[in-house]
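Only one structure is covered here, and it is reproduced in the block below.
The values are calculated or read from the model by the stated rules, or taken from the named source; none is laboratory data. Please read these numbers as outputs of a predicted model, since none were measured by experiment. Note: ideal-geometry Cβ built from the backbone for every residue, glycine included; neighbour counts use all protein chains shown.
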Amino acid sequence: MSPAPIALQDVSRWFGNVVAVNNISFDVGPGITGLLGPNGAGKSTVLHMLSGFLRPSSGEVLIDGKSAWLNPGMYRRVGLVPEREAVYPFLTGRELVRLAARLQELPDPDEAADRAIALVEMQPAADRAAGGYSKGMKQRIKVAAAIVHDPVILLLDEPFNGMDPHQRLQMMSLLRDFAAQGRIILFSSHILEEVERIADEVLVVVAGRLAASGDFHQIRQLMTDRPHTFRLRTSDNRLLASAMLGKESIFGVDLDQDSLMIRTADYGAFTRSIATLARATGVTLFEVAPTDESLESVFSYLVRR
């Protein structure tokens, strides 16, 4: 069998006494894979190792079966969109993308640059200096430079940062088109909804460790089915608490001076039924707020499983 296009084998990376990536192993094949984790989880370190910018402290980081470290030949097949701004402010967008085409020694850099710029819908601003671009425009011109040579593998670090809703939808559509063509796309994000919209597979990273990997919808179900806590403020906390005690999905109710804390095993059932239950008991809801829905709490739950 041919090696996976992207593979990490028992990879760790540390900076002095700080462990950024801790013994991670995974393979990535064709399609869209989301590298999901909170800020500081180690996502960028993984992508920097895959890009050949960082040498792993231990283990192997492989692109097409060969080490990514000291392997400049892989850039013929790899396109990279770093999180940091990699845009020369004195160049126009067109000049930046054309420069990337020339570095790849493409036979017609101008034609390749025009095509890539059109794919990210940057034609109207292509001849403006990149230093005057918005964050979202800089992101899109970076994508154009990364795809100008039609790479088979795309590595994108927080690619949707700074984009407005239209730009995000357009970029997601473009990535889906690339995946349908058989390309391998690995992108990082700390926003669950971004990954949910386009990823087929997901790698969940927290504190440098791989907490979960595989089919996104199965992992998303784990996230949804974990215990949840809600804080409620109502016109009669005690009356609503009494009504909730008989509900199968509720396994904990705590009262304090001005709020009601509810623990439930079924997020969906609770959010669908709370308004109906309040109406039936004549109680007015002032606030219904989850208390543990941060990505950090989701990942911590996955790590403990």
Among the residues listed as G214, G252, the single one being in the same structural domain as R140 (by TED's automatic domain parsing), assigned to a strand (DSSP E or B) and without any contact (Cβ under 8 Å) to a residue 24 or more places away in the chain: G214
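Against the definition (assigned by TED's automatic domain parsing to the domain that holds S188 and either free of Cβ contacts under 8 Å to residues at least 24 places away in the same chain or farther than 28 Å from I198 by Cβ (or both)), how does S44 come out, yes or no?
no
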Which listed residue is at pLDDT 90 or above and either in contact with a Lys or Arg (Cβ under 9 Å, 6 or more places away or on another chain) or within 24 Å of L203 (Cα to Cα) (or both), from I262, I274: I262
Criterion violated by F230 - all others in (1) in a loop (DSSP other than H, G, I, E, B); (2) more than 24 Å from K43 (Cα to Cα); (3) aromatic (F, W, Y) satisfied: (1)
Evaluation of P89 against (1) within 26 Å of the chain's Cα centre (by Cα); (2) modelled with pLDDT under 95 (one fails), failing number: (1)
Any hit, the stretch 38-46, residues being modelled with pLDDT of 95 or more and either out of contact with any strand residue (DSSP E or B) (no Cβ under 6 Å at 6 or more places or on another chain) or at negative phi (or both): yes
Any hit, the stretch 225-232, residues being closer than 30 Å to D10 by Cα, at pLDDT below 85 and in contact with a helix residue (DSSP H, G or I) (Cβ under 6 Å, 6 or more places away or on another chain): yes
Of all residues in the stretch 118-147 being under 16 Å from N161 (Cβ atoms) and of a type in the set (V, I, T), the one that is nearest to the chain's Cα centre (by Cα): V143
V61 surrounded by fewer than 20 Cβ atoms within 10 Å (Cβ to Cβ) and either under 21 Å from the mean Cα position of the chain (by Cα) or assigned to a strand (DSSP E or B) (or both): no
Identity of the residue in the stretch 9-49, of a type in the set (F, W, Y) and either within 17 Å of the chain's Cα centre (by Cα) or surrounded by 15 or more Cβ atoms within 10 Å (Cβ to Cβ) (or both), that ends up farthest from A68 (Cα to Cα): W14
Count - residues of the stretch 52-94 that are touching an Asp or Glu at 6+ places or on another chain (Cβ under 9 Å), of a type in the set (S, T, N, Q) and touching a residue at least 24 places away in the same chain (Cβ under 8 Å): 2
Test for R94: is it farther than 29 Å from K66 by Cβ and part of a helix (DSSP H, G or I): yes
Selection from the stretch 78-102 of residues that are surrounded by 16 or more Cβ atoms within 10 Å (Cβ to Cβ) and touching a strand residue (DSSP E or B) at 6+ places or on another chain (Cβ under 8 Å): V78, G79, L80, V81, P82, E83, L91, T92
Matching entry among D258, D215 (being of a type outside the set (S, T, N, Q) and more than 30 Å from V19 (Cα to Cα)): D258
